[in-house]
Each structure stands twice: as structure tokens, then as C-alpha cells.
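One structure is given below, encoded as C-alpha cells.
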Amino acid sequence: MNEENSDIRPILEITGLKKYFPIRRGFFQRVSGWVRAVDGVDLSLASGKTLGLVGESGCGKSTVARVVLRLLDLQEGSIRFRRQEISRMTERELKPLRRQMQIVFQDPYGSLNPRMTVGQSIGEGVRIAGIAGSRQRRQRIAELLEMVGLSPDAADRFPHEFSGGQRQRVGIARALSVNPSLVICDEPISALDVSIQAQIINLLKDLQDRLGLSYLFISHDLNVVGYLCDRVAVMYAGRIMEEAPALELFEAPRHPYTRKLLSAIPEPDPDRRKTAAEVAETEAAEGSEAAEATGCSYRPACSAKDDSCRDLPDELREIQPGHWVRCTKA
Amino acid sequence: MTKDNFTETGDLLSVEDLRVHFHGDDAVARAVDGVDFRVGHNETVCLVGESGCGKTVSALAVLGLVPCPPAEIASGRILFAAQDLLHLEEEALRRIRGNRIAMVFQEPLTSLNPVFTVGDQIGEAIRIHRALPDDELRLRCASLLEDVGIADAEERLGDYPHQLSGGQRQRVMIAMALACDPELIIADEPTTALDVTVQAQILGLFRSIQQSRSMSVLYITHDLGVVASVADRVYVMYAGIIVEQADTAQLFRAPQHPYTRGLLASLPTRSRRGERLHSIPGSVPSPARKPPGCPFHPRCSYAVESCRRTFPAMCDYGGQHMSRCPVLFEAEKPRRQQ
């Protein structure tokens, strides 16, 4: 979709991605409808960069992550990873590529096996990465632990012996154990304490500089996204509403939904406390989310809508180089 | 704005030297370790801190909701309207709880009973504390729902919690808290489980009901953004103690405790793009294994030898701004006097 500078090849290109989940009813579990979790998403991530994917719960952002990793099958669309179309690959064809795409999950408590030592958890990946000898493997595990700021003797301990922030470091070390080039971070800091979040953000940035990683960074925290990401895509009800370079998106948002999201950020600055009128504006924009067949899908909740929104197709348009908006009024 | 109120009429709630200990098998966790705070009339006060810092336990202690055992209120006084809640009979406490002091919890889904209608649950406190005929009760419930911004209130009274969205459930929780016109609402992370746009609405709702009903709110959160948008005054907690207290503008403009400074400097914002974030090293100590002296000293870049041994005293910066760091207080004295 978006033309990055031609010298930076996109590592990941998603076009027209759709993932519907069936709603089953009755004794025979007949499919009575579909939840359109991801409904035509286009995204492109440049190599070595960070693309933020933001939106509220239920907008489909985590489903995008799972479909990109082929942990879920897709209905339609194309996923190109390093110029290879992976959306229709068989498991066997995918296997060598899986190593290059990893994920860091939100919950550092649920995503580590409590009965495996940290060394065993990371060691699985190290073995898959093709390091055979047990001494070499131990050495690599120690190296990975140091890379994420843990001491090598952490390898013999169990997850419950660590704090949330340390467990998230283990999760990151495990993701890195297979030398990936793309890491999908699904809300990697939202379960952590405030004083720990900055540590993990700094770590992710250091690792990117050092290893040239590309991140798809999924978050509902706009402050973090504004700090960390090169480009940001805003998702609503399964679709991308706006995508732009991070600073441009924050300083000149063009879609009413982006503006609503940005105005809702509680800023750590009492001088910028929202006035009652600004809050009322947000209230007014809350509406029923019944999807209608034609026109803009954000229309029921939009504060800037008029009659034309019902008829015009809502396509992503490039209104400035690299700035895409799904709103006819932008 | 509310400071004058506060000095003229005294405090609505005043907690003094509260200590809550949890007895485990082999250790005592001092979850709340000598905490003083007060809430004035018509004032919103935030307790802010990370998980395990004792903010929720402090708030639950006010309502007598800390389970004893395993907990033990080791010392302290909780004065509400000139009564010490810690020495009140259960019966007398029950007349205050839900009536003069009400609570809003974090998880609206788990705090609402799934088998009763919204109307039943809002009406419950009124039935207990006030004798109202059925039709008046219904009207009162409907008007409460309207006050918290739920449309078609009359019809929604018959809804069950699962029929409502997360934001609406939290509005119902707030309506329940408002049912008996309490003087104080304690809100424990009421927006943490909600989306940002819904959070903005609920924060707005708190501000407007607080103003229109002239209530006091004790608001518990870990989010400094939320603090900045609701609080008149703030208490910063760390490892069971209050490390800094100030009015909100003052706290954000001139934080004095190394922990508060560290937290504010570590917030990612787009104005800090490209810079490395300041981060506080280490992690929060477990309440059962707190370091001696100042509990923050292992993570503190200003720490000196005495911090390891001596429990720090509160230092008075004037204008109700206090910070528990004598090291910075002394070090920056010349600068302040200029």
C-alpha cells in the first residue's frame, strides 16, 4: 500500500487481509453469522522499523498478529514476508520461515511454562536455531540472557522466581533465541508496573539497534506508541482508519476516530486537563456500533458525519505522501 | 481550590499511622507500614503507586474490608466525621458503609452480581439504609442511572449486567455508589479495565458528579495520566509508605522525591522520541522482604550511606508539599533559598 522510501524494502506487506470468525447457533451449531474481526487490512512494515498498530479492545489488532504469524488461518488477502507470499503456504513450507517471525506476548505470567526452567524455555528455540552441542547451547542461552539484562544463572531458575518485568525479559530472550528478523510485540508492557515499563521499552529499542529487528508493535497505549514507533496505523472495527508517520499522526490527525482516541489520552500534565466541553465532545461520539452495509463503517459513532458519509465508499486514500485516511472528509 | 475548604471545615477523612500486616507461614508482610493521609470536604485525593505498594489495602481498611485474619491492623486511627472507624462496632460500621462512604471497584464485571438486574443492585443500598416505597425507589434508581449518563434509564433498570458494555457497567457501579448520597466515594482503579475513550468519559463523569454533589473522592490508581486529570491532591506510595504528597500541579511541576521524579521521567511521550527513557533500575520489593532504612534506597541514584540504615523523615517543602527524602531536601536547600 504505502510506498516507503524505495531503498528500504518492506519486510512485511499485508494486503486485503480478512479474518472472519463464525457465530454458531442451535443444536447443530449452524453458522448463523460472522464476526468480521479483520475486514480488509493493508499494512506495510519497512525493514528495521517499528510500525505501531493501535486501537481499542475488540478492534482486531491481536487477530492481525495471529494471522500474520499464521497461528490463525485467513479468509482472504495476501501476506508477503520478505517478498514471499506466506498466506497459502503449507506448514512444511512455513517451518523455515517461522523462525524468522516471533512474538512477545502481553502476559509474562501466562506465556511461560511454569514447569520449565528459564533455560529450558529459551533452549527450545536455541535448538531449533540449529545449535546442537549442549555446551554451545548453554553458552548461547547465557548470551541471550545477558542480552536482555538478566544474569546467566537465571537459566536454572523457574518463572515463578522472577518479577513481571524479569519474566517479560525472559519472553523476549525466548523470542530472540531463533534469530528472528520480525518480532510482533502484542501489548508487551501493559501488564507491567509503571517503573518497569521504561526498562522494557529501552530494551526493545536497544535490541532493535543492535540486531536490526523490525517490530510490529500492538498497543492501546498511545503514549508508548508515540514514543517508540516510526509509523502508526489506527484500527477500528477490523479496518485501518488512518496510517501515517508517527509524529504526523499525533500532530495532524485527519480521521475523526484518531482525533477521538488522541483526545482521550490522559496526559501526565495537570495543565492540560480536559475541559468539560472536550469531554462532552467524546461523549457525543459514542454511538451504537451497528454495522451498515453501505458507506463509512465509523459513521454510527462519528461526530463529523453528514449524509454524504452514507453513500460514498470509505476507502483508504493517500492525502499526503505516506499519510492514508479512510474518511471522505479528510 | 479546595484547600481553603479543607482548612476551614477540617477533614472528612483522616488516616493516621495506619499499619496493616499480613501474617504468612514464615514471614510478616507489612503491606501498609505507617501511612497518613487525609481527604478534605469536596476534594478529590489520589493515592498513586505500583502494584503491591499498599494503596488498595489502605483504602479497604477505611471501610473495614481487609480480611482479619490473615491481616492485622497493627496500629493507626481512621477518623471519619470524628469517629474512629477502627474501633466501631460492626453494626455501626455497616451504617456508614455504602451509606456515607461508598466504594467503586476496578472490575465492574466481577463486582456486579450476574443474576440480579441493574435496578435491584442499585436499589439494594437504598433499601438497606433508607425506607422508601417501591415506586419511589424505582424513580430514584432511574434518576441515578440518568445522572451517570445512561440513556433510557427507566428501561435499563431491568437489564442484567451482561447486557451492558464495560463502560456502562462501570457507570452502573458508580450509580450504586451514589445511591445513598455518600459524603465520600472510594474508587479503586475504576478505569483500568476500560478502553481509553471510555476511560475519558468515566473520568469526566467523576469530575462532574464530584462538583455537582459536592462529595469527596479518594481515587486509587497507578496511572499518572489519570492522576493529572482528576486529582486535587496526590499521595505517592511506595512499598507501604507515603513518599511524597502535594497538590497535583505542584507534584507534576516540582516533584521532590527521587521515586516520583523517576516515575515522571520514565513516562514515554512523543516529546521524548529519540531520547533514551530514564528508567528506575531494579523492581518493587515484596512487602515481606523490604530493605531496611529507606525502602527505595536500592533503586535510588541519590542514595547515601545513611539511607541504608535510617528510616527517612518527612520533609516539609511548604504549602502542604511533603517528601520523604532528607538527602534531596538538604542537598537542594541552597537552590530553594535563592
Any hit, segment B:93-107, residues being in a helix (DSSP H, G or I) and either under 23 Å from B:Gln199 (Cα atoms) or in contact with a Ser or Thr (Cβ under 8 Å, 6 or more places away or on another chain) (or both): no
Test: residue in segment B:34-44 that is at pLDDT 85 or above, within 14 Å of another protein chain (Cβ to nearest Cβ) and crowded, with 19+ Cβ neighbours inside 10 Å: yes
Single unsatisfied condition, A:Pro159 versus (1) more than 11 Å from chain B (Cβ to nearest Cβ); (2) closer than 15 Å to B:Pro281 by Cα: (2)
Near pairs, Cβ below 9 angstrom, 6+ apart or cross-chain, from segment B:124-147 (surrounded by 15 or more Cβ atoms within 10 Å (Cβ to Cβ)) to any residue that is of a type in the set (Phe, Trp, Tyr): B:Glu124/B:Phe116
Qualifying positions in segment A:176-194 - surrounded by 23 or more Cβ atoms within 10 Å (Cβ to Cβ) and in contact with a Phe, Trp or Tyr (Cβ under 9 Å, 6 or more places away or on another chain): A:Val183, A:Ile184, A:Cys185, A:Pro188
Residues of segment A:1-18 that turn out to be touching an Asp or Glu at 6+ places or on another chain (Cβ under 8 Å) and modelled with pLDDT of 90 or more, as a count: 6
Test: residue in segment A:229-237 that is within 11 Å of another protein chain (Cβ to nearest Cβ), in a helix (DSSP H, G or I), buried (at least 21 other Cβ atoms within 10 Å of the Cβ) and among the aromatic types (Phe, Trp, Tyr): no
Single unsatisfied condition, B:Ser216 versus (1) touching a Leu at 6+ places or on another chain (Cβ under 8 Å); (2) closer than 22 Å to A:Glu187 by Cβ: (2)
Candidates A:Pro188, A:Pro253, A:Pro180, filtered to the one that is modelled with pLDDT under 95, within 13 Å of the chain's Cα centre (by Cα), in a loop (DSSP other than H, G, I, E, B) and more than 9 Å from every other protein chain (Cβ to nearest Cβ): A:Pro188
Segment B:161-189: number of residues that are part of a helix (DSSP H, G or I), in contact with a helix residue (DSSP H, G or I) (Cβ under 6 Å, 6 or more places away or on another chain) and β-branched (Val, Ile, Thr): 1
Members of segment B:191-216 found to be touching a residue at least 24 places away in the same chain (Cβ under 8 Å), crowded, with 21+ Cβ neighbours inside 10 Å and more than 26 Å from B:Leu139 (Cβ to Cβ), listed by number: B:Thr191, B:Leu194, B:Val198, B:Gln199, B:Leu203, B:Ser216
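Just to be sure, is A:Arg140 touching a residue at least 24 places away in the same chain (Cβ under 8 Å), of a type in the set (Lys, Arg) and away from chain B (no Cβ under 14 Å)?
Working: touching a residue at least 24 places away in the same chain (Cβ under 8 Å): yes; of a type in the set (Lys, Arg): yes; away from chain B (no Cβ under 14 Å): yes.
So A:Arg140 fits the description; yes.
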Of residues in segment A:315-330 being among the hydrophobic types (A, V, I, L, M, F, W, C) and assigned to a loop (DSSP other than H, G, I, E, B), the one surrounded by the most Cβ atoms within 10 Å (Cβ to Cβ): A:Cys327
Segments classed as helices (runs of 4 or more DSSP H), wholly inside segment B:251-338, with at least 1 members that are closer than 22 Å to A:Asn223 by Cβ: B:258-265
Every pair of residues 6+ apart whose Cβ atoms lie under 7 Å, when the first sits in segment B:263-292 and is more than 8 Å from chain A (Cβ to nearest Cβ) while the second is assigned to a helix (DSSP H, G or I) and not small (Gly, Ala, Ser): B:Gly282/B:Pro298; B:Gly282/B:Arg299; B:Pro291/B:His297; B:Pro291/B:Pro298; B:Pro292/B:Arg308
Tally of residues being at the interface with chain B (Cβ under 7 Å from one of its Cβ atoms) and either over 13 Å from the mean Cα position of the chain (by Cα) or within 12 Å of A:Ile201 (Cβ to Cβ) (or both) across segment A:216-227: 4
Of all residues making up segment B:121-143, the number that are over 19 Å from B:Arg97 (Cβ atoms) and assigned to a helix (DSSP H, G or I): 10
Enumeration of residues in segment B:241-262 that are facing chain A (nearest Cβ under 9 Å), of a type in the set (A, V, I, L, M, F, W, C) and over 28 Å from B:Val20 (Cβ atoms): B:Ala249, B:Phe252
Where A:Thr63 falls short, out of the listed (1) within 28 Å of B:Asp195 (Cβ to Cβ); (2) in a strand (DSSP E or B): (2)
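For B:Arg156, indicate whether it is more than 14 Å from chain A (Cβ to nearest Cβ) and not hydroxyl-bearing (Ser, Thr, Tyr). Reasoning before the result, please.
On the way: more than 14 Å from chain A (Cβ to nearest Cβ): yes; not hydroxyl-bearing (Ser, Thr, Tyr): yes.
Judged against the criteria, B:Arg156 is a match.
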Scan of segment B:289-338 for residues that are in contact with a His (Cβ under 9 Å, 6 or more places away or on another chain), among the charged types (D, E, K, R) and buried (at least 17 other Cβ atoms within 10 Å of the Cβ), ordered by number: B:Arg324
Only listed residue being facing chain A (nearest Cβ under 9 Å), closer than 20 Å to B:Thr56 by Cα, surrounded by fewer than 24 Cβ atoms within 10 Å (Cβ to Cβ) and of a type outside the set (A, V, I, L, M, F, W, C), chosen from B:Gly166, B:Gly225: B:Gly225
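Output the residues belonging to segment A:83-111 that are part of a strand (DSSP E or B) and in contact with a helix residue (DSSP H, G or I) (Cβ under 8 Å, 6 or more places away or on another chain).
Hits for segment A:83-111 are A:Gln84, A:Met101, A:Gln102, A:Ile103, A:Val104.
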Members of segment B:227-249 found to be in a helix (DSSP H, G or I), touching a residue at least 40 places away in the same chain (Cβ under 8 Å) and more than 14 Å from B:Thr260 (Cβ to Cβ), listed by number: B:Val230
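In segment A:238-250, how many are farther than 11 Å from A:Thr50 by Cβ, in a helix (DSSP H, G or I) and either at the interface with chain B (Cβ under 9 Å from one of its Cβ atoms) or in contact with a helix residue (DSSP H, G or I) (Cβ under 8 Å, 6 or more places away or on another chain) (or both)?
3
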Single condition B:His257 does not satisfy, out of (1) surrounded by 23 or more Cβ atoms within 10 Å (Cβ to Cβ); (2) free of Cβ contacts under 8 Å to residues at least 24 places away in the same chain: (2)
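The values are calculated or read from the model by the stated rules, or taken from the named source; none is laboratory data. As the structure is a computational prediction, the values presented were derived from the model and not from experiment. Reconstructed Cβ throughout: ideal geometry from the backbone, glycine too, with neighbour counts over all protein chains shown.
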